[in-house]
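One structure is given below, encoded as structure tokens.
The values are calculated or read from the model by the stated rules, or taken from the named source; none is laboratory data. Everything numeric in this text was worked out from a predicted model, so none of it was measured. With ideal geometry, Cβ positions are generated from the backbone for all residues, glycine too; neighbour counts draw on all protein chains shown.
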């Protein structure tokens, strides 16, 4: 079933609020823990999420040109803009942006990818568990399957693989089986490392081999840029 834009935004806002609560009592040292995005710590990812929440179609184009069409540089500039010296201030700015409905020039499903994947980028290194709506994970997974890696998706990673939701048996694609929780399938498809025991099937090692985690699954990527796309 297709999800309306209003329902999508409702889910995005709810996930932002839940993340804000999860981060409200972090110790100072926890903010500097490495996230699942190489080169970015927990504080960096939250600053990126602030930047993403505040980005409009116009500001995305403006910032990309200021970065000389280098998508990764634009992301780094966004972190610099919104990363305060005190992580609690960055957290407060994130809370102020929770209910924004801005988006770069990309499909609305990218907002779900951003909320879920970046949520796990932060939570997993901190040992925080979260349950996301099944429908939101499914919509994000379908989007990543259809979107090239060069544009922040995972289409090439899934070639020759059949991704199977081990709870429902629902599958996507054709080829060697990779079975797991939908959230783990989404993370692996988005280039994030997933513990080997969480994915099974003959195709699991192949998918794991393609996970080269990078920065931002939530903004369209400059195809001429580097590999830091998801």
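If you scan the range 139-195, which residues turn out to be within 16 Å of residue 112 (Cβ to Cβ) and either in the same structural domain as residue 113 (by TED's automatic domain parsing) or part of a loop (DSSP other than H, G, I, E, B) (or both)?
Across the range 139-195, the qualifying residues are 147, 152, 153, 154, 190, 192.
Of the residues 191, 152, 173, 119, only one is more than 30 Å from residue 24 (Cα to Cα) and in contact (Cβ under 8 Å) with a residue 12 or more places away in the chain; which? Outline the logic, then answer.
Values: 191 fails: more than 30 Å from residue 24 (Cα to Cα); 152 fails: more than 30 Å from residue 24 (Cα to Cα); 119 fails: more than 30 Å from residue 24 (Cα to Cα).
Answer to the check: 173.
Applying the selection to the range 31-58, what residues are over 27 Å from residue 188 (Cβ atoms) and in contact (Cβ under 8 Å) with a residue 12 or more places away in the chain? Break it down stepwise before answering.
Our first condition is that a residue be over 27 Å from residue 188 (Cβ atoms); within the range 31-58, this holds for 54, 56-58.
Matches in the range 31-58: 54, 56, 57.
For the range 26-49, name all the residues that are over 19 Å from residue 193 (Cβ atoms) and touching a helix residue (DSSP H, G or I) at 6+ places or on another chain (Cβ under 7 Å).
Taking the range 26-49 and keeping what is over 19 Å from residue 193 (Cβ atoms), we get 26-32, 43, 46-47, 49.
Answer for the range 26-49, where residues must be over 19 Å from residue 193 (Cβ atoms) and touching a helix residue (DSSP H, G or I) at 6+ places or on another chain (Cβ under 7 Å): 30, 31, 32, 43, 46, 47, 49.
If you go through the range 196-214 one residue at a time, how many are part of a loop (DSSP other than H, G, I, E, B), in contact with a strand residue (DSSP E or B) (Cβ under 9 Å, 6 or more places away or on another chain) and either at negative phi or at pLDDT below 95 (or both)?
The initial filter retains those residues of the range 196-214 that are part of a loop (DSSP other than H, G, I, E, B), namely 201-203, 210-214.
Now narrow it down to the ones that are in contact with a strand residue (DSSP E or B) (Cβ under 9 Å, 6 or more places away or on another chain): 201-203.
Going one step further and asking which of them are either at negative phi or at pLDDT below 95 (or both), we end up with 202-203.
Qualifying residue count for the region: 2.
I need the full set of residues from the range 20-37 which are outside any helix (DSSP H, G or I), more than 14 Å from residue 79 (Cβ to Cβ) and under 18 Å from the mean Cα position of the chain (by Cα), in order please. Write out each step before concluding.
Looking only at the range 20-37, we keep the residues that are outside any helix (DSSP H, G or I), and these are 23-27, 33-37.
From the residues that got through so far, the ones that are more than 14 Å from residue 79 (Cβ to Cβ) too are 23-27, 33-34, 36.
23, 33, 34, 36, listed by residue number.
Just to be sure I understand, how many residues within the range 46-59 are farther than 27 Å from residue 34 by Cβ and in a helix (DSSP H, G or I)? Break it down stepwise before answering.
Of the range 46-59, the ones farther than 27 Å from residue 34 by Cβ are 56-59.
Those still in the list that are in a helix (DSSP H, G or I) too: 57-59.
Within the range 46-59, residues that are farther than 27 Å from residue 34 by Cβ and in a helix (DSSP H, G or I) number 3.
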